[in-house]
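Derivation of every value follows stated rules applied to the coordinates shown; laboratory data play no part. Model, not experiment: these values are computed from the prediction. Here the Cβ is made from the backbone with ideal geometry for all residues, glycine too, and neighbour counts use every protein chain on show.
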Amino acid sequence: MTIAHLGSKTGQQGGPAGYLAQLGRAFDAYGTADHVVALPPLGTSPALAPVQPSGNRAAQQWLRRLRRSVVGPPALYRPSTAEINTPGGKVDEMMSGSWSAMEADVAASVATAVAANTDVLFAHDAAAAETALAQRQPHQQVWLFLHTPMPLALYLTWCWGVPEREWQEVAQLPDVLSWNARELGVIGRVDKVVMPCPESVDELVKGDRRFATALSRVEFLMTGAAAPPRQWPDLSRTELRHRCGLPAAEPVGLYIGNAQPYRGFDRLLDAVRAMPSRADVPGIVAVAGPAIDTLPLIGRVKALGPVRHIADLLAASDFVINVNRFSLFDLSTIEALDLGCPLVLHAVGGNLTFKRLGAGAAMIPDLGARSIADALTGAFQWTTAERAARAAESRHCYGEHVSLRHLRDRHVALYDSAMRVPAQS
């Protein structure tokens, strides 16, 4: 069986590119059994800020704080209410451009796979699947792996123009609903729909009830990953924390990602403000990803900016924080498990799967500031033994369920199924 995963490149990042990079590592390590699998080439990593000596970092942060106190935070584009509420308006314009860009991203790989008589064209977004459906030969199957934790139009519109709005309002915008219908049409036409776990289906249904019917025939492939190599594996914990710009003596909770609204970063900041004083409950929240200039000035928050030494940050931290409003089955959480990190997770979507699998996680019942603050306070106050026990649970969860070997074996089993299911006409 021949399978072509559609895309222009893979890389150490989130979404399909990061997932396919992990899959490539799994196949390199364990092979593809009797199948021939084509993956997009490995792309270059995004240009991230190099690690600065701690003195330079402190000076730069002081200058950024001074500048923000004078000129305020950066101003971002926001469409007007009328523009996003008008059918066929700014949202439709943005979605059309985004969809076209996704089609262009896979155009070459689709053409190559079709010409090579590949058995399965494996798409990783609805636009790619629609392109493959339009060009496939009658004997070729098209599969679709859904990587966004909500309908694509909700995700893109919310992150693009109206991050301050509640998602329930964004979900009802006329152009969001119409583009959801297009995604649903693609889902209904492909031969196989793949998602990581049943809880991830609940997330799409939460965004639009129509997905409940469309995803009634979904197949589950729980993903796996491996953490990137450590940059400084030989440093002591004290030296590592100094190199990462973290305090040596206080507990550190690490948030990795961005400030997109589905990530719940705003709620995390609200919770930090609601916590007891740092003198009463020592501990900081280190934030890796968002530009330092974009973060508010909160004493317990340590802004690290974009970084490339993620594995070292995980090793230097006491626990990892995930407060997503919507959650699929995050690669970054799997990487944290690989390194034996305790977790503090919002009890939603794929995070529930991690807990069910035995990860060393404390669960946050909701995203109220008080609930998050209580969870963080409890994590900062874990004893050494409690933290070690949760770390052991995370390592065991990784080894039993979400390693690269598991990722490879589950994909091979999925490919095997293609031999038994004819393509749709």
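For the reader, a short list of remarks on this structure follows.
- Local net charge near Trp143, Cβ-Cβ under 10 Å (Lys/Arg +1, Asp/Glu -1): -1
- Applied to the stretch 225-239, the Karplus parametrisation 6.51 cos²θ - 1.76 cosθ + 1.60 on θ = phi - 60° returns per-residue 3J(HN,Hα) values of 6, 9, 5, x, x, 5, 7, 10, x, 9, 6, 5, 4, 5, 5 Hz, with x for Gly and Pro.
- Gaussian network model of the chain, springs between alpha carbon atoms under 10 Å - residue of Pro233, Pro251, Pro282 with greatest fluctuation: Pro233
- Approximate spin-label separation Asn85-Glu400, in nm, with each point projected 7 Å along Cα-to-Cβ: 5.2 nm
- Each label point was placed 7 Å from the Cα along the Cα-to-Cβ direction; for Glu239 and Ala279 their separation is 3.6 nm.
- Extension gain, Asp266 to Glu169, is 33.2 nm, computed as 0.36 nm per intervening residue step minus the present C-alpha separation.
- Cβ-derived FRET efficiency at R0 35 Å, Trp232 paired with Thr2, nearest 0.05: 0.25
- Springs between Cα atoms under 10 Å define the GNM used for the chain, and in it the highest mean-square fluctuation of Ala392, Ala315, Ala116 occurs at Ala116.
- Label sites at Ala369 and Asp416, each approximated as a point 7 angstrom past Cα along Cα to Cβ, lie 5.3 nm apart.
- Linear extension gain, Thr32 paired with Leu177, 0.36 nm per residue minus alpha-carbon span: 48.3 nm
- The residues packed around Leu313, meaning those with a beta-carbon under 13 Å from its beta-carbon, carry a net charge of +3 if Lys and Arg are +1 and Asp and Glu are -1.
- Against the main long axis of the alpha-carbon atoms of the chain, helix 174-189 sits at an angle near 50°.
- The chain: most fluctuating residue of Ala29, Ala17, Ala291 per GNM, C-alpha cutoff 10 Å: Ala29
- Packing around the peptides 368-378, 118-128, taken as the average count of other Cβ atoms within 10 Å per residue, puts them in this order, highest first: 118-128, 368-378.
- Shown is the FRET efficiency for Ile298 and Cys159, computed with R0 = 22 Å from the Cβ-Cβ distance and rounded to the nearest 0.05: 0.45.
- Contact order relative to length of the chain, as percent, for alpha carbon pairs under 8 angstrom and 6 or more apart: 18 percent
- Helical contribution to [θ] at 222 nm, DSSP H n ≥ 4, -39,500 (n - 2.57), averaged over the chain, rounded to 500: -14500 deg cm²/dmol
- Between helix 369-380 and the chain: long-axis angle, C-alpha atoms, 0 to 90°, nearest 10: 70 degrees
- Between 0 and 90°, nearest 10: helix 90-115 axis offset from the chain longest Cα axis: 60 degrees
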